[in-house]
Every structure is written in C-alpha cells, then in structure tokens.
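Any read-out appearing in this document is the output of simple, stated calculations on the displayed coordinates, not a laboratory observation. This is a predicted model, so every value here is computed, not measured. Here the Cβ positions follow ideal geometry from the backbone for every residue, glycine too, while neighbour counts run over all protein chains shown.
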Amino acid sequence: MSNHTQIDQIAERVERLLLRHAELQRTNALLASQVEALTQERDMLKSRLTAARARVDALLEKLPEAIAAHAKTP
C-alpha cells in the first residue's frame, strides 16, 4: 500500500508540474506578444524621431537666412 501511495503522490506532482508547464507556456506566449508589440512601437517612435530631427535640421539651416533677410530690411 505504501508503494501505491508513493505512486499516487508522484502522479499528483507530475500533474501539477504539467499544469505549471502549460501555465508558463501561456505566460511566455503572452510576454513574447508584448515584446513584439513594444518592439514595433519602439521602431515607429524611432522613425518619428528621425523625421522630426530632419525637420528641425531643415529649419535650423533656414534660420541664418531668415535672420539675415530680416536684418537687411529697414
């Protein structure tokens, strides 16, 4: 009977481990999905930042011209 109890305990532990494994797989899939979404968001924000920097640089290049033109007018 003791042998049967040990087998039952082992079977119960195996079942708990299988449930935990399935839970961890679901959690991992969710986290991987979140990482993918955040990676896409980061890439989009980096692209917007690059575009904004280009616009600021273009405005800065025009700035000396605008100041010079303004200074020439009486």
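In units of the compact-protein estimate 2.2 N^0.38 Å, region 1-71 shows a Cα radius of gyration of 2.74. Simple rule: put +1 on each Lys or Arg Cβ and -1 on each Asp or Glu Cβ in the chain, find the dipole, and look at 47, 33, 63; the Cα lying farthest toward the positive end is 63. Here the 3J(HN,Hα) profile of region 14-25, calculated from phi with Karplus coefficients 6.51, -1.76 and 1.60 at θ = phi - 60°, is 4, 4, 5, 5, 5, 5, 5, 4, 5, 4, 5, 5 Hz, Gly and Pro shown as x.
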